[in-house]
Amino acid sequence: MNQIEQWKSGFKDGIPICLGYFAVSFTFGIKAGIVGLTVFQTVLISVTNVTSAGQFAGIDMIAYGASYMEMALAQLVLNIRYCLMSCSLSQKLESNLFPVHRFFIAYGVTDEIFGVTICHDGKLNPYYSYGVMSSAVPGWIFGTFFGIVFGNIMPVSVLNALGIAIYAMFIAIIIPKAKESKSVRLVVLGAMVCSMAFYTLPIIKQVSAGFRTIIITVLIAGIAAWLCPINEENTNER
């Protein structure tokens, strides 16, 4: 496919993410308004961050009057998983790809966009990533805008329903690939078991959400790479 076709394919695959992002960021916009942020401040946060966990945690810390250092450390812990995702995603890029493409792709590395792009067959064309970002990221930005502007008139029951939208979006991303691949099914089940252990076992449930995500990612990805290695020759031919 040429660059335009790659972009169109990515744009189409990013539409479900856009819808999920709109619902979740709508809730973020509401919360930001309650804390006292202006429309401009709230939208600027979403434009420059594009991270649900980090932004919601940041809003809470702003409300509690946390220092810049505390906020920076919290964001580092919560979002350091994106470094792991970026390292994984870089393996799907051509080695001679211009650094400017890597820079713009890095901006759109979120959990959901990563899930779609890492599952893309063969080497990752940067214009496919741009297509996914072109439909997904505006959903996050406009959801934030409408949330802070119109959120106060929404019923509480609707707001609660919007809070689970991102989980439904994740399920929609992983189920098709899990049906196709035994290794993906094992990764999903392993991650679920580990996550449950971190929430229930007394010794390790005190680990912060950010480090919990990092530990589970490294552990499950490492085990999967060991038990189900990818044949590099077949990957390059795809």
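A compact table of results
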{"quantity": "Condition broken by V77, with the remaining ones in (1) in a helix (DSSP H, G or I); (2) open to solvent by 30 Å² or more (accessible area, probe 1.4 Å); (3) free of Cβ contacts under 8 Å to residues at least 40 places away in the same chain satisfied", "calculated": "(3)"}
{"quantity": "Tally of residues being at pLDDT below 85 and either surrounded by 15 or more Cβ atoms within 10 Å (Cβ to Cβ) or not assigned by TED's automatic domain parsing to the domain that holds G115 (or both) across region 62-74", "calculated": "3"}
{"quantity": "Residue match in region 39-50 (condition: in a loop (DSSP other than H, G, I, E, B), within 21 Å of the chain's Cα centre (by Cα) and crowded, with 21+ Cβ neighbours inside 10 Å)", "calculated": "yes"}
{"quantity": "Residues of region 86-101 that turn out to be assigned to a helix (DSSP H, G or I) and over 20 Å from V47 (Cβ atoms), as a count", "calculated": "6"}
{"quantity": "Checking F104 against (1) in a helix (DSSP H, G or I); (2) buried (at least 17 other Cβ atoms within 10 Å of the Cβ), the condition it does not meet", "calculated": "(2)"}
{"quantity": "Test: residue in region 134-153 that is modelled with pLDDT under 85 and either open to solvent by less than 60 Å² (accessible area, probe 1.4 Å) or under 19 Å from the mean Cα position of the chain (by Cα) (or both)", "calculated": "yes"}
{"quantity": "Count of region 4-15 residues which are open to solvent by 80 Å² or more (accessible area, probe 1.4 Å) and over 8 Å from Y128 (Cα atoms)", "calculated": "3"}
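The values are calculated or read from the model by the stated rules, or taken from the named source; none is laboratory data. No experiment lies behind these values; they were computed from the predicted model shown. As a convention, Cβ positions derive from the backbone with ideal geometry for all residues, glycine included, and neighbour counts pool all protein chains shown. Just the protein is used for accessible areas: all its heavy atoms, side chains included, with ligands, DNA and RNA removed. Shrake-Rupley method; radii C 1.70, N 1.55, O 1.52, S 1.80 Å.
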